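Q: Structure incoming, see below.
The values are calculated or read from the model by the stated rules, or taken from the named source; none is laboratory data. Computed from a predicted structure; not experimentally measured. No Cβ is skipped: glycine too gets one built from the backbone with ideal geometry, and neighbour counts run over all protein chains shown. Calculation scope for accessible area: heavy atoms of the full protein, side chains included, ligands and nucleic acids excluded. Shrake-Rupley method; radii C 1.70, N 1.55, O 1.52, S 1.80 Å.
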Amino acid sequence: MHYLDNAATTRVADAVADTADAVLRAHYANPSSLYAPGAQSEFVLSGARETVAASLGAQPGEIVFTACGSEGNNLAVLGAVKARAAWADHIVVTGYEHPSVQNPVAALEKEGWRVTVVRPDASGHVDAGALVRAVGSKTALVTAMHVNNEVGSILDVAALAKAVKEKNSRTAVHIDGVQAWGKVPQRLNGTAIDSYAVSGHKIHAPKGVGALYARRGIILTNIIEGGAQERGKRAGTENVPGIVGMAAALKDACDHLDENAKKVSALRDRLIAGLRKIPHCALNGAESPRLPGNVNFCFEGIEGESLLLLLDAKGISASSGSACTSGSLDPSHVLLAIGRPHEVAHGSLRLTLCEENTMEEVEYMLDAIPQVVTYLRNMSPVWKELERGEKQFML
């Protein structure tokens, strides 16, 4: 099996699974309890919090453990906006956010909040200046992605936050850092970023655990009530084994960040160069700056679902868009946002690599993918119309 869907989720590393299993067996007590076993659970939980905080250049007291990146985004978006409802009525968001940001913002818009959407350009980058220009005296929140989950574009989030605060110091700045964490450097202390969401299962940790950096002093209204855990910002007994496993995975990622980035970038560049040889295809997103493991192409004249099924038959696991919407027949909202026509966006393929992938796998992709694309095009009536000149090629 050749697994190239690491943006959706990663394989849990063996050492991480062993760590989580050991904690599951040894530290079963509630970390909020006062007796000795509870104190032991709290001790390992505090150690994990320090590891997560260090990776972000933050303080342990600024880390709120969550169930996933989606929960962190919801807490930051809804919590920041509702905490500012007395004086604000406006939100600024990019046009290609993850659904865990898009959907809460859409719900707030239905409640009467004004929303300004700043669309990315054709290369997949967002103009930070346009986000700042949209900020007004009643803007509660500016929210953006550090790294886009589909096209791998990278935003200078520290510069964005600084400019927003200079425009309106009361506006909260939230960053979705799920795809960036453990892959590109982050130092949040000293920046104007108020909140930053991350998730464990993108870095070889178990599913069901994440974290939210919430800058000390930031005002958030809770979305989960019921207990005083996590400084009162997120009720519910902490998932201690998952959190400690996440910290173990994170430490490994940070210890090898530069090494992994160099290796994975080389795999990415070889894959991009090889796939570009397929006629009538296009790379989605700019080549630079781009997340090391992200490769995203559109192939004219085919459907992404058929492409994925035939690649699966060849032992290749990939995606045609965000994992959270992969059950939908609609084309990727990100590709539509950067200007791909519907009929072209339907033929997308996202390949996301990690340090476990090899150059041998990449060469296998470069043999298998052109074969499958050619096979599907030979079956496609749309492709035949394009070849006969009855329709114009778009790519």
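Q: Mind checking which residues of region 231-250 are in a helix (DSSP H, G or I) and either open to solvent by less than 10 Å² (accessible area, probe 1.4 Å) or at negative phi (or both)?
A: Passing the criteria: Val240, Pro241, Gly242, Ile243, Val244, Gly245, Met246, Ala247, Ala248, Ala249, Leu250.
Q: If I go through region 348-395 residue by residue, how many of them are over 17 Å from Ala318 (Cβ atoms), part of a loop (DSSP other than H, G, I, E, B) and either open to solvent by 20 Å² or more (accessible area, probe 1.4 Å) or β-branched (Val, Ile, Thr) (or both)?
A: Total satisfying the criteria: 8.
Q: Does region 20-39 hold any residues that are of a type in the set (D, E, K, R) and surrounded by 12 or more Cβ atoms within 10 Å (Cβ to Cβ), and which are they?
A: Answer for region 20-39, where residues must be of a type in the set (D, E, K, R) and surrounded by 12 or more Cβ atoms within 10 Å (Cβ to Cβ): just Asp21.
Q: Here's another thing I want to ask about it. How many residues are more than 20 Å from Gln179 (Cα to Cα), of a type in the set (Asp, Glu) and crowded, with 20+ Cβ neighbours inside 10 Å when one looks only at region 63-99?
A: Final tally of qualifying residues: 0.
Q: For residues that are of a type in the set (Gly, Ala, Ser) and either within 22 Å of Arg187 (Cβ to Cβ) or assigned to a helix (DSSP H, G or I) (or both), tally how many sit in region 215-230.
A: 1
Q: Go through region 129-156 residue by residue and tally those that are of a type in the set (A, V, I, L, M, F, W, C) and either within 14 Å of the chain's Cα centre (by Cα) or open to solvent by 30 Å² or more (accessible area, probe 1.4 Å) (or both).
A: 6
Q: For region 107-122, which residues satisfy the criterion of being open to solvent by less than 40 Å² (accessible area, probe 1.4 Å) and either touching a Lys or Arg at 6+ places or on another chain (Cβ under 7 Å) or under 30 Å from Leu291 (Cα atoms) (or both)?
A: Within region 107-122, Val115, Val118, Pro120 meet the criteria.
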